[in-house]
1. Pairs only if they're at least six apart or on different chains, beta carbon under 6 angstrom, first in region 368-397 and farther than 14 Å from residue 337 by Cβ, second open to solvent by 10 Å² or more (accessible area, probe 1.4 Å) and of a type in the set (Ser, Thr, Tyr); list them, first residue then second.
2. Would you please name the residue that is modelled with the highest pLDDT, looking only at residues in region 340-355 that are outside any loop (DSSP other than H, G, I, E, B) and within 21 Å of the chain's Cα centre (by Cα)?
3. Select from region 285-333 the residues that are among the hydroxyl-bearing types (Ser, Thr, Tyr) and modelled with pLDDT of 95 or more and list them in ascending order.
4. Are any of the residues in region 405-413 away from the ligand (no atom under 16 Å from the Cβ) and open to solvent by less than 60 Å² (accessible area, probe 1.4 Å)?
5. Report whether or not residue 474 is in contact with a His (Cβ under 7 Å, 6 or more places away or on another chain) and outside the structural domain of residue 9 (by TED's automatic domain parsing).
6. May I ask you to list the residues in region 98-128 that are on the phi < 0 side of the Ramachandran plot and small (Gly, Ala, Ser)?
7. Within region 172-191, identify whether any single residue is in contact (Cβ under 8 Å) with a residue 12 or more places away in the chain, surrounded by fewer than 24 Cβ atoms within 10 Å (Cβ to Cβ) and acidic (Asp, Glu), and answer yes or no.
8. What do you reckon, is residue 235 open to solvent by less than 10 Å² (accessible area, probe 1.4 Å) and closer than 17 Å to residue 291 by Cβ?
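The values are calculated or read from the model by the stated rules, or taken from the named source; none is laboratory data. Note that the structure is a prediction, hence the values are computed from the model and not measured. Using ideal geometry, Cβ is built from the backbone for each residue, glycine included, and neighbour counts are taken over all protein chains shown. Just the protein is used for accessible areas: all its heavy atoms, side chains included, with ligands, DNA and RNA removed. Shrake-Rupley method; radii C 1.70, N 1.55, O 1.52, S 1.80 Å.
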Amino acid sequence: MANYILSIDQGTSSSRAVLVNSRGTIEKISQSEFTQHFPSPGLVEHDANEIWSSQLKVIRGLFEDNTIEPENVSGIGITNQRETCLLWNKKTGAPLGRAIVWQDRRTANACDQLNASGKFDWIKEKTGLVVDAYFSATKIAWMLKNYEGVEELLKTNDLCAGTIDSWLIYKLTGNHYTDPSNASRTMLFNINSNTWDTELLDLFEIPRSILPEVIPSNSNFGKIKSEILGVEIPIYGVLGDQQAALFGQMCHEPGMAKNTYGTGCFMLMNTGSKKVNSKAGLLSTIAWQLEGMNPVYALEGSVFIAGAAIQWLRDGLKIIDETPDSEYYALKVEDTKGVYVVPAFTGLGAPYWDMYARGGIFGLTRDVDKSHIIRATLESLAYQTYDVLNCMLEDSSVPIRVLKVDGGAANNNLLMQFQADMLNTIIERPANTESTALGVAYLAGIRLGIWTKETLQSNINPAECFYPEMDKAKRSTLLRGWAKAVSRCKDWEDKD
Ligand code: ADP
């Protein structure tokens with residue numbers, strides 16, 4: 001009987017389910033985009049019930065044509081958009097309100113107050129994170145104050161809080177668990193002691209009882225209920241999406257790094273058992289923790305808007321029909337004619353950490369047409385990555401000779417070539433850019449004894465490389481223009 005691993009990949013833009021075969025390659029993918037709610041500027045919400053129903057639909061979709069039976073699935077891995085969190089009723093499973101998405105800025109003021117009270121270094125030392133509305137703590141605190149029904153459920157101990165992994169685990173198994181890679185994104189988890197931090201829970205007035213139990217990333221998280229696929233299958237791996245991509249890109253040794261071009265852009269470098277404290281605006285985070293082992297740490301640079309800017313061209317400006325069309329239009333022109341798009345729609349992440357920055361288009365002249373704007377938007381992904389890579393070099397002092405890439409927008413060849421040019425580094429794109437889904441499948445499959453790291457490595461198809469071609473003077477000119485454009489976007493929104 002064939003051995004498959006089912007990867008449940010709950011991203012910011014879509015829910016995906018992926019079947020990975022015993023060679024460690026993807027056999028089938030089912031995907032469904034779901035609704036993004038923008039109640040007012042800077043606010044981003046998801047309907048947790050829609051996340052669940054879309055996820056269930058794609059999981060079942062994999063087996064609809066009866067070519068593979070659920071009985072052939074040995075184990076499940078879950079990977080998910082991180083930081084996004086919600087409250088739900090433990091008894092009924094009903095969310096108390098919409099999930100607040102990682103991009104949401106409603107708690108920017110609360111974060112300012114924390115920084116003003118001198119908590120920045122204290123929180124960074126405990127959590128590896130900078131104080132920013134991006135992380136779950138202030139979002140959970142906000143929901144506890146603003147969602148109806150909190151008081152009653154607290155009294156009977158029927159309130160659950162969690163990130164999307166714990167929501168899916170709960171819906172699939174009834175258990176309330178999370179793993180350290182997800183917990184380390186909440187700003188409530190002490191990454192030195194690998195436990196929820198009592199002082200932080202007190203600070204944010206979040207009761208420990210509503211949080212999931214944190215167990216190692218490759219634990220047995222429970223079996224899925226039989227009504228889901230007709231059979232009970234154990235969940236044996238849970239990782240936040242970026243950590244999963246690091247695992248899936250086989251960055252298992254210290255110094256190895258990858259960059260994922262999804263909704264946002266996330267560069268992670270494995271720093272092994274050492275937590276590196278960034279001086280350059282990067283985050284320290286837990287990459288994974290395997291049963292019986294100490295956590296493995298990573299340095300991370302998070303860019304909030306990357307592929308989402310291409311979605312904006314499609315859904316907001318409506319100047320492309322499909323996101324891959326961005327390459328077609330960008331190729332129509334030689335360059336952007338000096339136009340820069342800074343997609344700081346929800347503020348700026350690493351290395352700027354400016355919650356009040358907003359997006360801008362600069363350098364417009366009358367001869368600029370939509371192709372230039374599309375090209376400039378694509379290029380903004382590469383510039384933002386450049387900013388993050390520079391910080392990584394500063395912090396780790398290890399030169400990155402090759403950058404491994406993945407995620408939806410990494411399929412864009414023009415972007416990858418421009419990225420190689422901007423970084424002056426070789427870009428290595430794996431044959432399959434679904435590193436996130438593969439990563440958590442590998443984690444579960446290694447645990448189940450289906451693969452070893454070595455067999456996986458030998459099964460992976462060769463990657464495609466993009467080599468730098470641009471001369472230094474041109475690169476410097478372009479990068480100077482980018483820095484100028486970013487400076488114009490900073491500190492834009494009024495602080496209340
Ligand atoms: P997530 O896991 O965050 O949902 P994905 O890795 O699925 O993200 O990537 C989807 C993102 O990539 C979308 O924001 C989309 O705009 C972008 N994208 C997908 N294909 C392309 C392409 N060929 N060119 C540019 N952007 C793309």
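1. Here the result reads 395/278, each pair linking region 368-397 to a residue that is open to solvent by 10 Å² or more (accessible area, probe 1.4 Å) and of a type in the set (Ser, Thr, Tyr).
2. The first filter runs over region 340-355 and keeps only residues outside any loop (DSSP other than H, G, I, E, B), leaving 340-342, 345, 347-348, 354.
Those left that are additionally within 21 Å of the chain's Cα centre (by Cα): 342, 345, 347-348, 354.
On the way: 342: 98, 345: 93, 347: 90, 348: 90, 354: 90.
Checking each candidate, the answer is 342.
3. The initial filter retains those residues of region 285-333 that are among the hydroxyl-bearing types (Ser, Thr, Tyr), namely 285, 297, 302, 323, 326, 328-329.
Hits for region 285-333 are 285, 297, 323, 326, 328, 329.
4. In the first step, residues of region 405-413 are kept if they are away from the ligand (no atom under 16 Å from the Cβ); the result is none.
No, region 405-413 contains no residue that is away from the ligand (no atom under 16 Å from the Cβ) and open to solvent by less than 60 Å² (accessible area, probe 1.4 Å).
5. On the way: in contact with a His (Cβ under 7 Å, 6 or more places away or on another chain): no; outside the structural domain of residue 9 (by TED's automatic domain parsing): yes.
No.
6. Keep residues of region 98-128 that are on the phi < 0 side of the Ramachandran plot, which gives 98-117, 119-127.
Residues satisfying the conditions are 99, 108, 110, 116, 117.
7. Among the residues of region 172-191, not one is in contact (Cβ under 8 Å) with a residue 12 or more places away in the chain, surrounded by fewer than 24 Cβ atoms within 10 Å (Cβ to Cβ) and acidic (Asp, Glu), which makes the answer no.
8. Working: open to solvent by less than 10 Å² (accessible area, probe 1.4 Å): yes; closer than 17 Å to residue 291 by Cβ: yes.
Judged against the criteria, residue 235 is a match.
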